[in-house]
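The values are calculated or read from the model by the stated rules, or taken from the named source; none is laboratory data. Nothing here was measured: the structure is a model prediction, and the numbers come from that model. All Cβ positions, glycine included, derive from the backbone under ideal geometry; neighbour counts span all protein chains shown.
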Amino acid sequence: MSQDGATAMDWKKDGQSTNSTGNGMGNCVRNGSNGVVYPPYASHRLRLNPSVDHKPDNYDDLQLDFSPLLFSSLERYLPPALLNSSRDQKVHFMREILLRYFPEGERTRVQKHREYRQKIISNYQPLHRELYTMHAQNFFVPSFLKAISENSEESFRNIMSEPSPGVFTFEMLQPRFCEMLLAEVENFERWVRETKFRIMRPNTMNRFGAVLDDFGLDAMLEKLMEDFIRPISRVFFTEVGGSTLDSHHGFVVEYGMDRDVDLGFHVDDSEVTLNVCLGKQFSGGELFFRGVRCEKHVNVETQPEEIFDYAHTVGRAVLHRGRHRHGARATTSGQRINLLLWCRSSVFREIRKHQKDTSSWCAECQRNKKERQRQAVAATKLELLKRGSSAI
């Protein structure tokens, strides 16, 4: 579902007339069911770029068939004429768009997941409540905060290394934050065992770990993505939607002899992935990277220059494209726990449906494109030689 207006989205309330004035706006129409007046857009577009200075409304108190965070995120892309409208008007406008892109089955799944989360939050007692609100000074190391504050490519590169193209590593989390988050996860898992509550694991590949969003850390992680990861991604991952990241999936994974031991070769369901080691004492568990691929080329062979292995260090982050193929080697002793934040862009995902040329980010597409260009140049040279020979 696009949230940037890259694709036009038509909206017309069934049974309403839309007397357009030529700029997409017509006379206001009153909805007979609740008396609220809505601007009738015969054909409207969401903005290509968000209104960054606009502070969205909070929708948590409403009974909606979509996530309240989705409404807050989408609101920044509303046409200027709607930004200062009532919350009811904005909800109506956005809901009409969302209904076109989410089938009933998906809406039912979202509603059930919301109820699942609410059941956890209503019963689970947090250990460290300070984790649930973003306290940047207490969470991040000074060098990372300074780079984010300066918000430039130069400031980011000053704290980063890029040991392999598209893989960035940097010091990020303070030890105290890592300790608190580990303790919070252990507290949550203890509650799960004691209450025999059946929880959803982070993904289909990990049998251990927990989804942080599910027990109340979603708002903090949303701030982490919006205020700290998106500025970096805007610079280094523009071609995969880095500047339009608008949703996330946050979780921890656990590796050890009595946990998941390793992780197979895969790509993430994200545009940009943040991976930070929280601890504890361990050996092994290195990440291995094998090049960025589109869906068509995800299983093609790896080129020698794409091979890169990375050894985790507590508090140090790895940032890479979700489509960067990777895996985790076996953790041979101890226990390794990592924080993962899959950052997604609905804008990029909508564009990708219609994107034929992925050579801006798929390494195999780049190689194929260069080979076609080389062959075209060679064919042109050969034709010119033939013409020159025949002229003689």
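Out of all the residues in the stretch 111-119, is one or more basic (Lys, Arg), modelled with pLDDT of 90 or more, in contact with a Ser or Thr (Cβ under 9 Å, 6 or more places away or on another chain) and over 20 Å from residue 275 (Cα atoms)?
There is no residue in the stretch 111-119 that is basic (Lys, Arg), modelled with pLDDT of 90 or more, in contact with a Ser or Thr (Cβ under 9 Å, 6 or more places away or on another chain) and over 20 Å from residue 275 (Cα atoms).
Does the stretch 347-367 contain any residue that is of a type outside the set (Ser, Thr, Tyr), more than 24 Å from residue 234 (Cα to Cα) and not assigned by TED's automatic domain parsing to the domain that holds residue 218?
Quick first cut of the stretch 347-367, residues of a type outside the set (Ser, Thr, Tyr) only: 347-357, 361-367.
Adding the requirement that they be more than 24 Å from residue 234 (Cα to Cα) leaves 367.
Remaining after also requiring not assigned by TED's automatic domain parsing to the domain that holds residue 218: 367.
Yes, the stretch 347-367 has at least one match.
Does residue 75 fit the bill of being surrounded by 12 or more Cβ atoms within 10 Å (Cβ to Cβ) and in contact (Cβ under 8 Å) with a residue 40 or more places away in the chain?
So residue 75 does not fit the description; no.
So which of 50, 68, 79 ends up being over 21 Å from the mean Cα position of the chain (by Cα) and either closer than 24 Å to residue 350 by Cα or of a type in the set (Phe, Trp, Tyr) (or both)? Write out each step before concluding.
On the way: 50 fails: over 21 Å from the mean Cα position of the chain (by Cα); 68 fails: over 21 Å from the mean Cα position of the chain (by Cα).
Criteria check complete, one pass: 79.
What number of residues within the stretch 282-341 satisfy the criterion of being crowded, with 22+ Cβ neighbours inside 10 Å and at positive phi?
2
Taking residue 221 as the residue in question, decide whether it is surrounded by 18 or more Cβ atoms within 10 Å (Cβ to Cβ), outside any strand (DSSP E or B) and touching a helix residue (DSSP H, G or I) at 6+ places or on another chain (Cβ under 8 Å).
yes
Looking only at the stretch 164-180, decide whether some residue is of a type in the set (A, V, I, L, M, F, W, C), touching a helix residue (DSSP H, G or I) at 6+ places or on another chain (Cβ under 9 Å), in contact (Cβ under 8 Å) with a residue 40 or more places away in the chain and more than 30 Å from residue 124 (Cα to Cα).
yes
Give the stretch 149-204 a look and list any residue that's within 30 Å of residue 292 (Cα to Cα), acidic (Asp, Glu) and exposed (fewer than 14 other Cβ atoms within 10 Å of the Cβ), or say none.
Residues satisfying the conditions are 150, 153, 154, 162.
For residue 45, work out the one condition from (1) charged (D, E, K, R); (2) closer than 23 Å to residue 241 by Cα; (3) at pLDDT 85 or above it doesn't fulfil.
(3)
For the stretch 338-392, which residues satisfy the criterion of being polar (S, T, N, Q) and free of Cβ contacts under 8 Å to residues at least 24 places away in the same chain?
If we filter the stretch 338-392 for residues that are polar (S, T, N, Q), which is where we start, we get 338, 345-346, 355, 358-360, 366, 368, 373, 375, 380, 389-390.
Answer for the stretch 338-392, where residues must be polar (S, T, N, Q) and free of Cβ contacts under 8 Å to residues at least 24 places away in the same chain: 355, 359, 366, 368, 373, 375, 380, 389, 390.
Taking the conditions exactly as written (within 22 Å of the chain's Cα centre (by Cα) and under 28 Å from residue 57 (Cβ atoms)), does residue 93 satisfy them or not?
Answer is no for this residue.
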